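Below is one structure, written out as structure tokens; the observations come after it.
The values are calculated or read from the model by the stated rules, or taken from the named source; none is laboratory data. In this text, all values refer to a predicted model and were calculated from it rather than measured experimentally. Glycine also receives a Cβ, built like all others from the backbone with ideal geometry; neighbour counts cover every protein chain displayed.
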Amino acid sequence: DEEDLDHDEL
Amino acid sequence: MNLFRILGDLSHLASILILIRTIKATDSIDGISFKTQALYVIIFFTRYLDLLTFQHISIYNSLMKLFFIGSSLYIVILLQRSKAIQPIAYREMIMADTFKVQYLLGGSLIMALLFNYKFSFFEILWSFSIWLESVAILPQLFMLSKSGKSKSLTIHYIFALGIYRTLYIPNWIWRYFVEGKVDKLAVISGIVQTLIYSDFFYIYYKKVIKGSNLQLP
């Protein structure tokens, strides 16, 4: 699901 | 976004600009590890694949990702170009760059397969990039410790990179308490990475503050 790809850091 | 995160990102940006400036201004590649720079290209390409999915987090986020991909590629091209312009310096760089990166690549792949948020192509590559980044500076530190000579600009580059990693830790602590968010893989690998830098920081401190010669154990 979407939450898995929520890598908002660099 | 919190102050630690912004300052961390800015020092990451600064480290790359310092390195590019060093190569351009001094016309020298002495003391730079080609392997570490090539690893960064792999890291940014595998981590920022989400740019292709167009699930943009923010303009800031996307621009920074594009900058890191572009600048890492640019540095490798600059180093490669010295092969024709400064063949002797290039040969010396490659000869001194003896760290076995296949262990870092293999180890990171194993870690990514074992520890990831989801067993999917993007998530495994993301995790791979996180583990690889935690050890990517090792060829550079190894080179520095072997040569024993202190190329001050290379040292400033490593120092700025180390500051970036260190600032991400208070950023995570902040996020945990304020946003209730914690990225376990990033935190664990980030701590590993900061420990690798801490050895360098100690030497840097000794050199800069006490003025002694730079020598990594």
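Would it be correct to say that B:Ile16 is within 14 Å of chain A (Cβ to nearest Cβ), surrounded by 13 or more Cβ atoms within 10 Å (Cβ to Cβ), in contact (Cβ under 8 Å) with a residue 12 or more places away in the chain and over 19 Å from B:Leu105 (Cβ atoms)? Yes, satisfied.
Quick check: is even one residue across the stretch B:76-95 away from every other protein chain (no Cβ under 14 Å), surrounded by 19 or more Cβ atoms within 10 Å (Cβ to Cβ) and under 17 Å from B:Ala186 (Cβ atoms)? No, every residue in the stretch B:76-95 fails to be away from every other protein chain (no Cβ under 14 Å), surrounded by 19 or more Cβ atoms within 10 Å (Cβ to Cβ) and under 17 Å from B:Ala186 (Cβ atoms).
When the test is whether a residue is surrounded by 21 or more Cβ atoms within 10 Å (Cβ to Cβ), of a type in the set (A, V, I, L, M), within 12 Å of chain A (Cβ to nearest Cβ) and touching a residue at least 12 places away in the same chain (Cβ under 8 Å), B:Ile130 passes it.
Annotation: B:Ile29 fulfils all but one of (1) surrounded by 15 or more Cβ atoms within 10 Å (Cβ to Cβ); (2) modelled with pLDDT of 95 or more; the unmet one is (2). Of (1) β-branched (Val, Ile, Thr); (2) more than 10 Å from every other protein chain (Cβ to nearest Cβ); (3) surrounded by fewer than 18 Cβ atoms within 10 Å (Cβ to Cβ), B:Ile57 satisfies all except one. Which? Failed condition: (2). Checked across the stretch B:9-18, the condition of being in contact with a Pro (Cβ under 7 Å, 6 or more places away or on another chain), over 27 Å from B:Tyr90 (Cβ atoms) and at pLDDT 95 or above holds for no residue. Of all residues in the stretch B:175-188 being within 12 Å of another protein chain (Cβ to nearest Cβ) and touching a residue at least 24 places away in the same chain (Cβ under 8 Å), which is nearest to B:Leu114 (Cα to Cα)? Checking each candidate, the answer is B:Leu185.
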